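J.: One structure, pasted below without further comment.
Bear in mind that the values in this text are calculations on the coordinates, not laboratory data. Since the model is a prediction, treat every value here as computed from it, not as a measurement. Positions of Cβ are backbone-derived with ideal geometry, glycine not excepted, and every protein chain shown enters the neighbour counts.
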Amino acid sequence: PRSIWLSRHGESMYNLDGKIGGDADISPRGEMYARKLPELVKQSVGDGRKLTVWTSTLKRTIQTARFLEFEKLEWKALDELDSGVCDGLTYAEIEERFPEDFAQRDDDKYNYRYLGGESYRDVVIRLEPIIMELERSENILIVTHQAILRCIYAYFMNVPQERSPWMEVPLHTLIKLTPKAYSTHEERLSADI
Ligand code: F6P
């Protein structure tokens, strides 16, 4: 049966500083994950199986996928949730500069739209073509971002999208989803980095 593999990009320099959004490079630890990913994929996918790797257009996903010897495709629709005026800030800075927005987001994270940016609801809509393409594709590995992975994961695991903004998607972990008739089977492989 066909499967879908999901991974966040390796730790980025922004992750280290607690900054959101941006287009930062991966950190030395993220680089270790990138170098380990081919082995992890081999372990989970098996030898000789064809795979296509999808990334976003942001550096941290492309850098993370660069040692994988498969066909690759970059999708703008896989870029991280656009945090608009808050792009590049830490959560503490957002709370200080935009206290009302910060509270509103906590109240209704799914519907909250950053000023000049997006909400989770917006992301779910822009992911529709990706989901359609996934449904008609063979084995795909997606290397993308936390918010995006939450929405894709919720779709396949049948979790109501309103709950996706709060779901845990750890760094440096390869998630394998195998859709079955009535449910989706899940396996996680951690890189221990
Ligand atoms: O901190 C990493 C990150 O991917 C940010 O770029 C993004 O804004 C955030 O996580 C999304 O998570 P949350 O919706 O919980 O703020």
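J.: Given 0.36 nm per residue, what is the gain on full extension from Ser183 to Leu16 after removing their alpha carbon distance, in nm?
T.: Result: 56.5 nm gained on full extension.
J.: Now, a different point. Put a dot 7 Å past each Cα toward the Cβ at Asn111 and Tyr91; how far apart are the dots in nm?
T.: 2.2
J.: Do you know the relative contact order of the range 94-191, to the nearest whole percent, from alpha carbon pairs under 8 angstrom that are 6+ apart?
T.: 17
J.: A further question on this structure: As a footprinting exposure proxy, order Phe102, Phe67 by other Cβ within 10 Å, with the fewest listed first.
T.: Arranged by neighbour count, lowest to highest, Phe102, Phe67 become Phe67, Phe102.
J.: Moving on to the next point. Quick check: residue separation of Ile193 and Met157 times 0.36 nm, minus the Cα distance between them. What number comes out in nm?
T.: Contour length minus Cα-Cα distance gives 10.3 nm.
J.: Going through the range 35-87, which GluC sites (Glu not before Pro) have at most 16 other Cβ atoms within 10 Å and a DSSP loop state?
T.: Within the range 35-87, the qualifying GluC sites (Glu not before Pro) (loop, at most 16 other Cβ atoms within 10 Å) are Glu69.
J.: Mind ranking 107-114, 144-151 by how tightly packed they are, going by the mean number of other C-beta atoms within 10 angstrom, highest first?
T.: Packing proxy ranking, top to bottom: 144-151, 107-114.
J.: Continuing with the same structure: Please report the net charge: other residues with Cβ closer than 12 Å to the Cβ of Glu71, K and R +1, D and E -1.
T.: Net local charge, Glu71 excluded: -1.
J.: Still on this model: Among Leu81, Leu89, Leu16, what is the fewest-to-most ranking by other Cβ atoms within 10 Å?
T.: Fewest-to-most Cβ neighbours within 10 Å comes out as Leu16, Leu89, Leu81.
J.: Only four residue types carry charge here, +1 at the Cβ of Lys and Arg and -1 at the Cβ of Asp and Glu. Report the dipole size of the chain about the Cα centre in Debye, rounded to the nearest 20.
T.: Result for the chain is approximately 840 debye, rounded to the nearest 20.
J.: Just the number, please: Stokes-Einstein D of the range 1-102 in µm²/s, Kirkwood Rh from C-alpha pairs, 20 °C, 1.002 mPa s.
T.: In µm²/s, the coefficient is 142.
J.: Okay, moving on. Just want to confirm a number: the relative contact order over the chain, from Cα pairs under 8 angstrom separated by 6+ residues, in percent.
T.: Dividing the mean separation by the residue count of the chain yields 31 percent.
J.: Next question. With runs of 4+ DSSP H residues as the only contributors, calculate the mean residue ellipticity of the chain at 222 nm using -39,500 (n - 2.57) per run, divided by the residue total and rounded to the nearest 500.
T.: -10500 deg cm²/dmol
J.: Then there's this: Sequence gap at least 6, Cα distance under 8 Å: using those rules, report the relative contact order of the range 97-150 to the nearest whole percent.
T.: Reported relative contact order: 19 percent.
J.: By counting other Cβ atoms within 10 Å of each Cβ, how are His172, His9 ranked from fewest to most?
T.: Lowest to highest Cβ neighbour count: His172, His9.
J.: When only alpha-carbon atoms are used, what values of Rg and Dmax, in angstrom, describe the chain?
T.: 16.4, 53
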